[in-house]
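S.K.: My questions will all concern the structure given below.
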Amino acid sequence: MKVLILGTSGQVGTELMRAAWPQGTELVGLARPDVDMARPETVEAAVAAHAPGLAPDLVVNATAYTAVDKAESDQETAFAVNRDGPARLAASCAACGIPLIHISTDYVFDGTKPAPYAEDDPVAPLGVYGASKEAGEAAVRTALPQHVILRTSWVYAAHGTNFVKTMLRFGREREEMRVVADQHGAPTAAADIAAAIVTIAERIAAGSEGGVPWGTYHFTGAGETTWHGFAERIFQRLEAAMGRRPRLQAITTADYPTPARRPANSRLDCARIRSAFGIEAPRWEDSLDRVLDELLSPTAS
C-alpha cells in the first residue's frame, strides 16, 4: 500500500509518518512549500506527481488552517486552505481513482446541544474557522464519493503548538493560571488520531464483501473534561515531575473573551467509528500521560 500524506509538519502529520503502518506500506510525506492548500497548483501537482503508474492507493489530508482567532480577520486565507484546497485535492483524487481521508473538527457545530454530537447532527459553525472547515467537508463529499472525513477535537502532541505545551510553559513561569471551565470536550492525542487513520487505511486497502463504509466519522479521546480539568491534569504531572504547581482558577468563557466564539459543548459521539471500523479510543487521561511522559522526561529539550 502506498499512502500519500499531506501536512507532515503538523501534529497529526508528524504522527502519521511515525505510526505503526502495516509492513510493506510506502509512505510519501509532503509539507509546505511542496504542498500548500492556498496554492491550488501545488495541491494538484501533489497527486499528479504520483500518477499514472505510481499513484498512491490512498491520500491523507492532515493540512489545515487552524488559527481559530486569526481566521476571524483572515477569512480569505482560512477558506483558501480549509475549503478550496480540499476541493481541489478531492477532485484530483477523483480523477485518479484514489480514496481520501480528510481531517475535520468539532468546530462545525455550535456547541448548544446538551449531549455529544452525532455525525448527522446539523452543522452550525460559530466562526470563520468552523465555517471554512465545514465548507471543506462539503467540497470533499461533492467531489469524491470514496472519502472518510474524520472529525476530532482538542488535538495535542509532544511537538507543535498546543494546549498541553502552553500549559507546561506557563506552569513553569507563573504562580497562577486562569482557565475556562465551562467548555466541555475530549482532548485527543495526535498519535491516537494517526493510529485510527492507520486502521481505516488498512480497511480501505483490504476492502470487504460489504465494501468500505465511506462517510463522516467522529474520533476523540474517550471520556470528557473541560479546559480547566485538562489543565489540572497537566499541572498534577508537572508537580510530580518538578515539584511545581501553579494555582489554578476556574473562569467562564465570558471572563476570557476571544475574537472567535468557541463551542460550549465539543463532545463528539464516537459510536459510529467503533461500529464501522472497530476503533476504540484510549481514555484521554491515559493518552495525555503518555505525551507528558515524553515532555517531562529529563532528556526532553
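S.K.: Only one of these is closer than 18 Å to Leu144 by Cβ and not polar (S, T, N, Q): Gly10, Gly97. Name it.
M.R.: On inspection, the qualifying residue turns out to be Gly97.
S.K.: Among the residues of the stretch 9-35, what is the count of those that are buried (at least 23 other Cβ atoms within 10 Å of the Cβ) and modelled with pLDDT under 90?
M.R.: Looking only at that region, the number is 1.
S.K.: Which of the residues that make up the stretch 123-139 are buried (at least 24 other Cβ atoms within 10 Å of the Cβ) and under 15 Å from Pro86 (Cα atoms)? Quick ask: steps written out before the conclusion?
M.R.: Filtering the stretch 123-139 down to residues buried (at least 24 other Cβ atoms within 10 Å of the Cβ) leaves 128-130, 132-133, 136.
Correct list: Tyr129, Gly130, Ser132, Lys133, Gly136.
S.K.: Taking the stretch 200-222, which residues are in a helix (DSSP H, G or I) and buried (at least 16 other Cβ atoms within 10 Å of the Cβ)?
M.R.: Ile200, Ala201, Arg203, Ile204, Ala205, listed by residue number.
S.K.: Something else: In the stretch 196-210, is there at least one residue being in contact with a Phe, Trp or Tyr (Cβ under 9 Å, 6 or more places away or on another chain) and charged (D, E, K, R)?
M.R.: Yes - at least one qualifying residue is present in the stretch 196-210.
S.K.: Among the candidates Glu15, Glu44, single out the residue that is in contact with a His (Cβ under 9 Å, 6 or more places away or on another chain) and part of a helix (DSSP H, G or I).
M.R.: On inspection, the qualifying residue turns out to be Glu15.
S.K.: Does the stretch 277-285 include one or more residues that are within 21 Å of Thr66 (Cβ to Cβ) and under 19 Å from the mean Cα position of the chain (by Cα)?
M.R.: Within the stretch 277-285, one or more residues are within 21 Å of Thr66 (Cβ to Cβ) and under 19 Å from the mean Cα position of the chain (by Cα).
S.K.: Could you say which residue among Val68, Val43 is touching a residue at least 12 places away in the same chain (Cβ under 8 Å) and closer than 20 Å to Gly97 by Cβ?
M.R.: Val43
The values are calculated or read from the model by the stated rules, or taken from the named source; none is laboratory data. It should be emphasised that the depicted structure is a prediction, and the values quoted were computed from it without experimental measurement. Counting neighbours? That spans all protein chains shown, and the Cβs are built from the backbone with ideal geometry, glycine included.
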